[in-house]
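The values are calculated or read from the model by the stated rules, or taken from the named source; none is laboratory data. No experiment lies behind these values; they were computed from the predicted model shown. Because the Cβ atoms are built from the backbone with ideal geometry, glycine has one as well, and the counts that use them run over all protein chains shown. Surface areas here come from the heavy atoms of the whole protein model, side chains and all, with no ligands, DNA or RNA. Shrake-Rupley method; radii C 1.70, N 1.55, O 1.52, S 1.80 Å.
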Amino acid sequence: MEMPGNAPPREPVAEITEIPDGARIAIELPGVSQDGIKMEVSGRMVRIDAEGSRGKFSTIQAVGFDPDPDRMSVTFTQGVL
């Protein structure tokens, strides 16, 4: 039996909502702690990689503008980023 840590990353459930000053991306990451999350911004793409007790997750989300990493904020509550 293969352990979850060795399995390829799964695509998490994600939702993008446009808001007046940008976008809100909500991503479900069950079994992941805040320390297990890595986020990168490149152009109009936001990449999220995460690993936790339920395995690995990876997603790339496109937004309709060039996000400014210095103005981004992140909240993580009960497995939702």
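If you filter region 1-40 down to residues that are of a type in the set (A, V, I, L, M) and free of Cβ contacts under 8 Å to residues at least 12 places away in the same chain, you find that the one that is surrounded by the fewest Cβ atoms within 10 Å (Cβ to Cβ) is M1.
One residue stands out in region 41-54 among those that are of a type outside the set (A, V, I, L, M, F, W, C) and within 15 Å of A14 (Cβ to Cβ): the one that is least open to solvent (accessible area, probe 1.4 Å), namely D49.
Candidates in region 55-72 are the residues that are crowded, with 16+ Cβ neighbours inside 10 Å and closer than 18 Å to P8 by Cβ; of these, the one that is nearest to the chain's Cα centre (by Cα) is T59. Restricting attention to region 17-51, which residues are under 13 Å from the mean Cα position of the chain (by Cα) and either among the polar types (S, T, N, Q) or under 16 Å from A7 (Cβ atoms) (or both)? Correct list: L29, P30, V32, S33, Q34, G36, D49, A50, E51.
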